[in-house]
Amino acid sequence: MKNLNLMIATLICETGIIKIVSLLLGWKFIDTIFLGGLLLFGAVYLYRLIIHQENTFFNAHIEGWTWQEKGISPFQLRISPIIFGMIIFVVISFIITLVAYWKYFFN
C-alpha cells in the first residue's frame, strides 16, 4: 500500500511540475506532457548514474590505497516505486499524446 501511495504521489507531482512549466512557457499542456515526462525521467536516471560513478571512483581510489575490496559494481537502475511511477507516467503520457494527435499521425 505504501508503494502504491508513493507511485500515485509521483504521478501527481510530475503532472503538477509539467503543468507549471507549460504555464510558464505559455505552451499547451498536451504538447509538453510526453517530453516533460521523458525529461524528468532522464534527469533522475542521469542523477543516479552520476552518483554511482562518483561512488565507484571513490571506492576504486580507496581500494587502490588500502588494498581492500570495496565491491565495485556496474550501474543498474533499480526499480523503486518512484521510478516505476515515472515509467507509468511516460507510458500514459505517450498514449494521451498519441490519441490527441491521432489525426496527424495516421491521416
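Quick notes
- Evaluated against (1) under 20 Å from the mean Cα position of the chain (by Cα); (2) more than 19 Å from T97 (Cβ to Cβ), N55 falls short on exactly one condition, (1).
- Within the stretch 68-107, the set of residues being among the β-branched types (V, I, T), within 30 Å of N55 (Cα to Cα) and in a helix (DSSP H, G or I) comprises I82, I83, I87, I88, V90.
- Only one of the listed residues (F58, F34) is surrounded by 15 or more Cβ atoms within 10 Å (Cβ to Cβ) and part of a helix (DSSP H, G or I). That residue is F34.
- Test: residue in the stretch 50-61 that is modelled with pLDDT of 90 or more and farther than 21 Å from F89 by Cα: yes
The values are calculated or read from the model by the stated rules, or taken from the named source; none is laboratory data. Small disclaimer: the values here were computed from a predicted structure and weren't measured. Positions of Cβ are backbone-derived with ideal geometry, glycine not excepted, and every protein chain shown enters the neighbour counts.
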